[in-house]
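Here's the structure we're looking at; comments come further down.
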Amino acid sequence: MTATITEPTTTTEPALADLAITATGTEWLRKLAAVGAAVCSRPPVPILSFIVLACNRGKATLTGYDYSTSAVVKLNHEAVGTLRNSKALAPHSWLVRTIRVLTARKRDMPVTVASKTLLGRPMITVTAAGFTIPRLHDAPLSEYPDLPAHGELDTFELDREVLAAALDRASVSASRDETLPILTAIEMQSHGRLLTLQATDRYRLSSETLKLTKEVQDFRFLLPAKTWKSVAKHLNGEKVTLGVLVSGDVHGKDGGRASVHLSSGDSAFTLTGVMGDYPKIKSLFDLDFGMTLEVNRRDLTDQVIVARELNDYNEPALLKIGPSSVTLAPSFAEGGSEVATPILLADTTNIEVPDTAAYNPQFLLEALKAINAEVVRFAFYNMVKPTCISPVSAKGDTPSTYRHLLMPVRLPNRVGGE
């Protein structure tokens, strides 16, 4: 008796992909990281954990949106053939994890992400290194929120490195306390051909003014420092185009410029600002800083690091100033009089007798690291008023407009007097 084995038959043909995009694993992971700046890690609604894969006229983009930041990133990919004007949703974290695992041995291998419908449900597949990994989900594309529409108030270009460096220096003074959201922002304010960036957490203040290539309309925008840090590394062109956007519901109000659009290279982000009145802090620079001290920044930084690491808990670092010298010493509750630190040569003005200023060593260190100059200047009104810290420009260099105000720690013997 001979058994006959017959091949099983099926009446259902495999679903054809309605979107398929092939790019290297490196390209996928880089662009997914960029669009991830606008994807919620803990979304208020599940669909915000997804991104939109779109193909329009043979060009592929990735889009993310979390109701405050939107990201649109162009993907460098292989030709997509006849697939045109199609969209699909994909879970962002799953896509990143799957591509990272499949390309672990060779990041630049081709990876194809495809979308199709299986049994009436959307399905995303990732194909690489001989594997095809599917993921079914129930998030319909129609429920993904539309990106908000804005009118453009003005637009201008800045050198990416110049803008990024200035915003990074300003963000040093932004607060980390989320209970005071307005102090977690960097204030961007333009007037004519000048763009001023400043931030404060009430104990320090950073400010810098950039020159623009053209005159722009006056605007004011509060850029969340945390958001800036998440998008800055993905702006990869030589220039950044900054568009000032306004939405109808806040148009005409003070501070009503609701969003800015930053685009550079193949990434573009639209950022919603913090609403509210920023503290009037510009007048703090109007103090008559009659006493100055100029010292090598790297040498002083070394002493600040020692003080930060070895200080007693919650104790300030002591800046001891002589007529032509300075030292930065750690302070101790016991035995502090025996501390000795190397004496640094300094150029001083109007400092006739030795004096001491006390600072939070971490704040002082961050101020010094934000300055890119060989010599740093400390300007004093007195030792209990804010100290203005700024770079000393080398001969032939363009003078820097960066200034950092740092509030000293009031020493016990000065409580109640100056």
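For the stretch 48-133, what is the per residue volume of the convex hull drawn over the alpha-carbon atoms, in cubic angstrom?
118 Å³
If you roll a 1.4 Å probe over the heavy atoms of the protein chains, what accessible area per residue do you get for the stretch 271-384, in Å²?
I get 53 Å² per residue for this part.
Would you calculate the separation in nanometres between label points at S68 and I182, each defined as 7 Å from the Cα along the Cα-to-beta-carbon direction?
Between S68 and I182, the simple spin-label model gives 1.6 nm.
Which FRET efficiency, nearest 0.05, do T155 and R308 yield, Cβ-Cβ r, R0 45 Å?
So, using R0 = 45 Å, E works out to roughly 0.60.
What share of all Cα pairs of the stretch 24-167, in percent, falls into each consecutive 10 Å distance bin?
Per 10 Å bin, starting at 0, the Cα pair percentages come out as 10, 36, 36, 14, 4, 0.
With viscosity set to 0.692 mPa s at 37 °C, what whole-number translational diffusion coefficient in µm²/s follows for the stretch 255-324 from Stokes-Einstein and a Kirkwood radius over Cα pairs?
Calculated translational D: 185 µm²/s.
R0 = 41 Å: FRET efficiency of V162 with A333, Cβ-based, nearest 0.05?
0.35
Between R107 and L344, 0.36 nm times their residue separation minus their Cα-Cα distance comes to what?
80.3 nm
Which whole-number percentage describes the relative contact order of the chain, with Cα contacts under 8 Å and a sequence gap of 6 or more?
11 percent
Mind jotting down the distance between the C-alpha centroids of the stretch 204-246 and the stretch 26-43, whole Å?
What the calculation gives is 21 Å, centre to centre.
Hey, rough spin-label estimate for E238 and R410, points 7 angstrom out along Cα→Cβ, what's it come to in nanometres?
5.3 nm
Which one of F269, C55, S70 is farthest out on the positive end of the charge dipole of the chain, using unit charges on Cβ (Lys, Arg +1; Asp, Glu -1) and the Cα centre as origin?
Of the listed residues, the answer is C55.
Take the Cα pairs of the chain, get the Kirkwood Rh, then feed it into Stokes-Einstein at 10 °C and 1.306 mPa s and tell me D in µm²/s.
Estimated via Stokes-Einstein, D reaches 63 µm²/s.
How far is it, in nm, from the label point at Q362 to the one at L119 when both lie 7 Å from their Cα along the line to the Cβ?
The two pseudo-label positions are separated by 5.3 nm.
How high is the FRET efficiency between L136 and F285 when r is their beta carbon distance and R₀ equals 51 Å, given to the nearest 0.05?
That pair, L136 with F285, gives E of 0.30.
So if I take the centroid of the Cα atoms in the stretch 151-191 and the same for the stretch 324-392, what is the distance between those two points in Å?
That distance is 28 Å.
Counting Lys +1, Arg +1, Asp -1, Glu -1, what net charge surrounds Y65 among other residues with beta carbon under 13 Å of its beta carbon?
-3
At 0.36 nm per residue, minus the direct Cα-Cα distance, what do H191 and N382 gain on full extension? Give it in nm, one decimal, please.
65.6 nm
What does the charge add up to near P279, with Lys and Arg as +1, Asp and Glu as -1, over the other residues with Cβ less than 10 Å from its Cβ?
That works out to +1.
Per the 1.4 Å probe, what fraction of the accessible area of the chain, in percent, lies on carbon and sulfur atoms?
52 percent
Run the numbers for D18 and A373: contour at 0.36 nm per residue of separation, minus the present Cα-Cα distance, in nm.
Gain on extension, D18 to A373, equals 122.2 nm.
With every protein chain present, what is the per residue accessible area of the stretch 174-250 (1.4 Å probe, Å²)?
Per-residue value: 46 Å².
The values are calculated or read from the model by the stated rules, or taken from the named source; none is laboratory data. Given the structure is predicted, the values throughout are model-derived calculations rather than measurements. A quick note on method: Cβ atoms are made from the backbone with ideal geometry, for glycine too, and the neighbour counts reach across all protein chains shown. Just the protein is used for accessible areas: all its heavy atoms, side chains included, with ligands, DNA and RNA removed. Shrake-Rupley method; radii C 1.70, N 1.55, O 1.52, S 1.80 Å.
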